[in-house]
Amino acid sequence: MTQLTKQVVNSLDSLKSAFLQNELAYLALTQKVEHAFRDKLAFELHNRLKGDKESLVCREWCRTDLAVIRDSQPLLLLEAKAIYTFDIMKGGSQHPFPSQLQEDIEKSKVWQSDGKNSSLEILALLIATHPHDPPSAAYREAVKYYGGVVKYATEGITLEAASEQVHQRVQLPLVHQGVVAGGQAFGIDVSVAYWLFSGSLGVSN
């Protein structure tokens, strides 16, 4: 693991204290949490790298979720994908998150095609909202994807089972994983799990 990737890992670990009490639970239940999670990660990484006057941490740089650049060239590109643990665990037609992660990796590899960025670090971040219980019908209008949240929260899906499925389905090198306790919103506890992958090898669906 390079020093720059270590800084990303350390920034991810610091997200446990980056949100206000119950803030992450509210954000995760009311909309896909990708942007809120990415934005906090970017700010944490910005603070960690602020001693490096030549490197910039950017959001939405050249249509990439998060980038570290120097002299207008990328040192690190990170694409984030937000889903729910019930997306990971649902039966029937499976969610295509493994192929989506791979597509993000391939998009970032374009920056290596001219040979200028051979040392470019490419990362993919999978983020999964996990409601621990079904919310009351009184919160139907506030909770995004209310039907799915209620249906799958009553089926006893666990973070451990979801993580096992991620390990089985995503054939990218796993760099780091963790869980952020989001607190409580709309009467239920919410956690947000994440898996950070390196941009190499292939993927299976």
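Of note:
- Filter result for SER118 (touching a helix residue (DSSP H, G or I) at 6+ places or on another chain (Cβ under 9 Å), hydroxyl-bearing (Ser, Thr, Tyr), free of Cβ contacts under 8 Å to residues at least 40 places away in the same chain and in a loop (DSSP other than H, G, I, E, B)): yes
- Number of positions in segment 8-22 that are charged (D, E, K, R) and open to solvent by less than 50 Å² (accessible area, probe 1.4 Å): 0
- Screening PHE86 with (1) assigned to a helix (DSSP H, G or I); (2) at pLDDT 95 or above; (3) hydrophobic (A, V, I, L, M, F, W, C) gives one miss only, at (2).
- Of all residues assigned to segment 131-140, none qualifies as being touching a Cys at 6+ places or on another chain (Cβ under 9 Å), of a type outside the set (Lys, Arg) and in a strand (DSSP E or B).
- Residue in segment 105-143 that is modelled with the highest pLDDT, counting only those that are open to solvent by 90 Å² or more (accessible area, probe 1.4 Å) and among the hydroxyl-bearing types (Ser, Thr, Tyr): SER119
- When we screen TYR194, TYR146 for residues that are open to solvent by less than 40 Å² (accessible area, probe 1.4 Å) and free of Cβ contacts under 8 Å to residues at least 40 places away in the same chain, the only hit is TYR146.
- Restricting attention to segment 2-30, the residues being at negative phi and in a loop (DSSP other than H, G, I, E, B) number 5.
The values are calculated or read from the model by the stated rules, or taken from the named source; none is laboratory data. Worth saying up front: this structure is predicted, and the values here are computed from it rather than measured. Glycine gets a Cβ as well: all are built from the backbone with ideal geometry, and neighbour counts include every protein chain shown. For the accessible areas, the whole protein counts, side chains as well, though only heavy atoms, and no ligand, DNA or RNA atoms are used. Shrake-Rupley method; radii C 1.70, N 1.55, O 1.52, S 1.80 Å.
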